[in-house]
Each structure stands twice: as C-alpha cells, then as structure tokens.
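In what follows, a single structure is set out as structure tokens and then discussed.
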Amino acid sequence: MIQYIDNDKARTHLRFVEWQAVLRLVYDRDNIKMVNAFPDYAQLTYEWQEKYKTYIKRNPKKIKAVALHSIYISLLDNKLKNLDEFYIRLRKEVTHRRINRNQIQQECQSGKNYTSQSFDEKQNNHLSRKNKLVNLVLSVAVDVANTDCNHTKLREIAAVLVREYSEDQLPEKDLVTLKDRFVKKVNAMEKSITRAESLILRNSDKKLARDTFYLYGLFKLRCEIGDTWALSQTELAKETLGVGRPAALNAVDLLIKLKLIEIFEQDSHVNSGTTATIYRRIG
C-alpha cells in the first residue's frame, strides 16, 4: 500500500505528504505506532518537511505543487476520510495529472495557487510556535503514559514530535530540554494512575470503562490485595453498580481479564441464604 515512504528514489515532498497521510489516516496521529511501523525513516521526517516547504515556496505557480499542498492542507483539516481517498487525489491531481497550460494560467490568475506567503499562513495555523509546541509535547506525554515505552523510545517520540510540529529547527539545547520535559511528564503521569486503571479508562466501550473503574474502586475501598469479597449477582448489579446484570458481569470479566481480581470460590452460600461468588483482589 505504501508507495513513497520506503522508496529511496521517490521525491522527498511525496514521501513527506504520504508520511502525514499514513500518520493521520492509518494511525490516528499516534506517533508511537508510526515510529514503530517505520523505524528506519522516523529520523528523516524533519528533513522531508524542510524540503517540502522549500518545494512549495519555490513553485507557487506550479500546478502540481499547488495541488500537492492542497492535499496536505486537507490532511491537516481532517477533510480526507481514509488512505484510499488520499491516493486517489494524489494520483489524479499530482502524480498522474495531465498538464494543461491554459489551466495553469487560469488557476494562477484566479488565485487558487498558494503563494509563499499563504503557505506560511497555513503552516502557522497548524504548526505550533514554541509555547504551543511545549503544550503539544506535554499533551502527547499524557497519552503515552502507561504504554510500556522505555526511556529510549520516549525520547525518540519526543524528537519525532519536534521534527513534525516545530516551525523552525530547534537548537540542540532546546531539543534536549523538550525531551527531558516529555519524559518527566510521562513519569509523573505513571505515578498518578496505575497501568491497570489506565487500561480500564482507555477501553473503547466508555460505559464498560465507567462501570469497571467504579467497581475496581469499590474493590480497592473494601479490600487490600489478597482480601476477598462475597457478592451475589443481585448485589453486584443493583446495590454495588446500579446497572443491569449483563453490564455488571462484563465489568467483572474485564477486571478478571486485567488480573486485578480473581474468582476465589464459586457459588458460595452466604448468611442470607443466597448464592454468591467470592472474589479476591490480586493486583
């Protein structure tokens, strides 16, 4: 599927725009996944970006450059739905476009082209200045926390963020500082919430996430690690969670799957004569 990123003979501006397309449309702007998918090319993205900017500025009236930048802006504005749509536009408007001199003249005269000034204006809308870059780096650090990234990987992710979103090349001292702040923020977040809790809250089913997080909180409130809690399905569903039985059991199943609780004894009779399951907190 990928046509340019791993093609050393491809034009740099095409490799840069394809990188942006894959990052946004395949990996949902997740730089960690993008770096893992293309580890050999992550270090080249800043160079590609600079050459892309140079290409656009030097060719403000070149129809293919205008079209390519239009596609890039559509990516930044979230106007492309998927990678197929991106490649269709790229092929039709840039790589396999038939050049018509009259069309070039009309587009230039009608103001459809991007001058170097308009390019800078567009870039300024999407590429952060120094203070915005810091906020972006810290925001991504929150998302990266509790994802099993080691120290080396964290600093690599920070470097990729700087290359992608910094409008100007940062001095080495500033780059090191940003990397340090990124790692420090990740470490702070991992101290404020456990990995298990983050896995619960990041579950794509938000209702299940809420029910499970609340139930886990009740286990932590009532049980230290190793303690047990006897719950009938009625108590679990109505008195403990205030939800239906299927939703309550789904929450229990997720806690068991995450190895936070386990079934210690099944179908035990409690004082009221009802049948209950005894759960033990294990992690």
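The values are calculated or read from the model by the stated rules, or taken from the named source; none is laboratory data. Computed from a prediction, not measured in an experiment: that's the story for all the values here. Because the Cβ atoms are built from the backbone with ideal geometry, glycine has one as well, and the counts that use them run over all protein chains shown.
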Any residue in the range 236-244 that is in contact with a strand residue (DSSP E or B) (Cβ under 7 Å, 6 or more places away or on another chain) and of a type in the set (Ser, Thr, Tyr)?
yes
State whether one or more residues within the range 45-57 are of a type in the set (Phe, Trp, Tyr), under 25 Å from the mean Cα position of the chain (by Cα) and either surrounded by fewer than 17 Cβ atoms within 10 Å (Cβ to Cβ) or assigned by TED's automatic domain parsing to the domain that holds Val137 (or both).
no
Taking the range 198-213 as the region of interest, how many residues are farther than 16 Å from Gly242 by Cα and touching a helix residue (DSSP H, G or I) at 6+ places or on another chain (Cβ under 7 Å)?
3
Return yes or no: is Ile32 over 21 Å from Leu136 (Cβ atoms) and surrounded by 17 or more Cβ atoms within 10 Å (Cβ to Cβ)?
no
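Here's the yes/no breakdown for (1) more than 19 Å from Arg89 (Cβ to Cβ); (2) in contact (Cβ under 8 Å) with a residue 40 or more places away in the chain; (3) of a type in the set (S, T, N, Q):
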site: Asp8; (1), (2), (3): yes, no, no
site: His13; (1), (2), (3): no, yes, no
site: Val26; (1), (2), (3): no, yes, no
site: Arg29; (1), (2), (3): yes, no, no
site: Asp40; (1), (2), (3): yes, no, no
site: Thr54; (1), (2), (3): yes, no, yes
site: Ile71; (1), (2), (3): no, yes, no
site: Ser74; (1), (2), (3): no, no, yes
Can you tell which of Ser268, Ser204 is among the polar types (S, T, N, Q), more than 30 Å from Lys153 (Cα to Cα) and at pLDDT below 90?
Ser268
When you look at Ile88, is it aliphatic (A, V, I, L, M) and either assigned by TED's automatic domain parsing to the domain that holds Ile200 or at pLDDT below 50 (or both), yes or no?
no
